[in-house]
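Working notes for the structure below.
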Amino acid sequence: MSTTTAPDPRRVALWAAAQGWHVIPLAPGTKVPVRGCDRCSPGTKERPNPRYVQHDGHGCECIKAGRACHGVLAATADAERITAWWERTPKAGVGIAAGPSGLVILDVDCHGGTPPEDPELLPGLDLPHGLAPSSIVDGRDVLALLCEARRAPYPEGDHTLTVRTPTGGVHIWFRSPTGMTWRPLAGALGWQLDVRAGSSYAVAPGTVTRAGAYTVQGRCRMVAELPAWLARDLDRTGHRVRAERPRVVLPWRSRLIGTGYIASAVRGELSAVAEAQPGTRNGTLNRAAFRLGTLLAPANLDRGQVADALLEAARHAGLPDREAEAAIRSGMGAGERQPHTLGGAA
Ligand SMILES: [Zn+2]
Ligand SMILES: [Zn+2]
């Protein structure tokens, strides 16, 4: 798309809002948000704004009043507000706030450079056998590698909305599955693979900056749902935001699960986990989860309550949540399949 055929930014913004996306105006010719009012704009390190009043942008009165202050925090899908913003700055580009729009956008960079060693190409992943690292040139190759490892089709172009950036990279747009929230983490998924999610934003197709235009690549104009395999990889690499369970000191002591003999058995298992030393923590947690799993049905225990108590005990022992949750799930599951015979010979 040449600059002469570039669509009117206001129409792009209203089109985006009609998709349910939340937009912000970008300073004309750039990919950074427009400057907010004097009170809300700290300025730059070189040119600090003396009239700036330090405050938290969340809940700033300006945003409530409809001003485009605090960048992505002002994002809206309100057509009236959007119209007013672009009447004021007709040449403003369009940014799409990922989180409030329910979007997860893969930012695949193609700026060359020397690829890192295998372990950092796709951190935490065992790469397919026979990979020649010399075949990796940029983020596209890294994403192709991830797709190969997952036996998934390469998601660009004809599967979902894909936007080519002026620097030759691509943004592959996805809808977040309902109920999931995400955060951006630079480089956590792979080399030259970033994720626009949560509080970050992407430039809408049709926007033209001094560096060039953001254009749709391929035929697909629809945004597909984030594939399950990719959601799992984003979760694995820390992009998924999960509600934090509160941490309490020595919580397992205050838990009363079951009665009588069961209660003391439960407490014994939880204490063993909480007091386990590095080296034996995993084994102890596995055994405890299994044993408590065998008691669930016979003693009529609440599965979630037991799992929570085990997790808290595991935290006390210093086990990472992800690891502990997996051990609890599999241990309890195995135990449940071999229920204890209460009061019997077993
Ligand atoms: Zn303001
Ligand atoms: Zn403000």
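The values are calculated or read from the model by the stated rules, or taken from the named source; none is laboratory data. Given the structure is predicted, the values throughout are model-derived calculations rather than measurements. Note that each Cβ is placed from the backbone with ideal geometry, even for glycine, and that neighbours are counted across all protein chains shown.
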List pairs: first residue in region 295-318 and at positive phi and surrounded by fewer than 21 Cβ atoms within 10 Å (Cβ to Cβ), second residue not polar (S, T, N, Q) and not in a helix (DSSP H, G or I) anywhere in the structure, Cβ distance under 8 angstrom, at least six positions apart or on different chains. Gly318/Pro278
Quick check, is Val72 under 27 Å from the mean Cα position of the chain (by Cα) and within 15 Å of ligand 1 (Cβ to nearest atom)? yes
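Could you list all residues from region 77-89 that are in contact (Cβ under 8 Å) with a residue 60 or more places away in the chain and surrounded by 12 or more Cβ atoms within 10 Å (Cβ to Cβ)?
Of everything in region 77-89, those that are in contact (Cβ under 8 Å) with a residue 60 or more places away in the chain and surrounded by 12 or more Cβ atoms within 10 Å (Cβ to Cβ) turn out to be Ala77, Asp78, Ala79, Ile82, Thr83, Trp85, Trp86, Thr89.
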Would you confirm whether any residue within region 6-18 is over 24 Å from Gly102 (Cα atoms) and touching a strand residue (DSSP E or B) at 6+ places or on another chain (Cβ under 6 Å)? yes
Pairs under 9 Å by beta carbon, first residue within 15 Å of Val208 (Cα to Cα) and away from ligand 2 (no atom under 14 Å from the Cβ) in region 29-48, partner small (Gly, Ala, Ser) and part of a helix (DSSP H, G or I), six or more apart or different chains? Val32/Gly71
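Let's see how each residue does on (1) touching a residue at least 60 places away in the same chain (Cβ under 8 Å); (2) of a type in the set (Asp, Glu); (3) within 25 Å of Gln19 (Cβ to Cβ); (4) assigned by TED's automatic domain parsing to the domain that holds Val34:
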{"position": "Thr114", "(1), (2), (3), (4)": "no, no, no, no"}
{"position": "Glu117", "(1), (2), (3), (4)": "no, yes, no, no"}
{"position": "Pro123", "(1), (2), (3), (4)": "yes, no, no, no"}
{"position": "Val142", "(1), (2), (3), (4)": "no, no, no, no"}
{"position": "Ala149", "(1), (2), (3), (4)": "no, no, no, no"}
{"position": "Thr165", "(1), (2), (3), (4)": "no, no, yes, no"}
{"position": "Gly168", "(1), (2), (3), (4)": "no, no, no, no"}
{"position": "Ala204", "(1), (2), (3), (4)": "yes, no, yes, no"}
Quick check on this structure: which one of Ala68, Ala74, Ala97 is touching a residue at least 24 places away in the same chain (Cβ under 8 Å), aliphatic (A, V, I, L, M) and away from ligand 2 (no atom under 13 Å from the Cβ)? Ala97
Could you tell me whether Gly318 is assigned to a helix (DSSP H, G or I) and of a type in the set (Gly, Ala, Ser)? no
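Here is a yes/no grid of residues against (1) within 30 Å of Gly304 (Cβ to Cβ); (2) modelled with pLDDT of 95 or more:
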{"residue": "Gly190", "(1), (2)": "no, no"}
{"residue": "Tyr201", "(1), (2)": "no, yes"}
{"residue": "Arg210", "(1), (2)": "no, yes"}
{"residue": "Gly218", "(1), (2)": "no, no"}
{"residue": "Asp235", "(1), (2)": "yes, no"}
{"residue": "Val241", "(1), (2)": "yes, no"}
{"residue": "Arg247", "(1), (2)": "yes, no"}
{"residue": "Ile257", "(1), (2)": "yes, no"}
{"residue": "Ala263", "(1), (2)": "yes, no"}
The conditions are (1) in contact with a Pro (Cβ under 9 Å, 6 or more places away or on another chain); (2) among the polar types (S, T, N, Q); (3) modelled with pLDDT under 95, and Thr114 fails exactly one of them. Which is it? (1)
Test for Gly124: is it within 16 Å of ligand 2 (Cβ to nearest atom), in a loop (DSSP other than H, G, I, E, B) and either surrounded by 21 or more Cβ atoms within 10 Å (Cβ to Cβ) or under 25 Å from the mean Cα position of the chain (by Cα) (or both): no
Number of positions in region 1-31 that are part of a loop (DSSP other than H, G, I, E, B) and within 16 Å of ligand 1 (Cβ to nearest atom): 1
Please give the number of the condition Val53 fails out of (1) β-branched (Val, Ile, Thr); (2) surrounded by 13 or more Cβ atoms within 10 Å (Cβ to Cβ); (3) within 15 Å of ligand 1 (Cβ to nearest atom). (2)
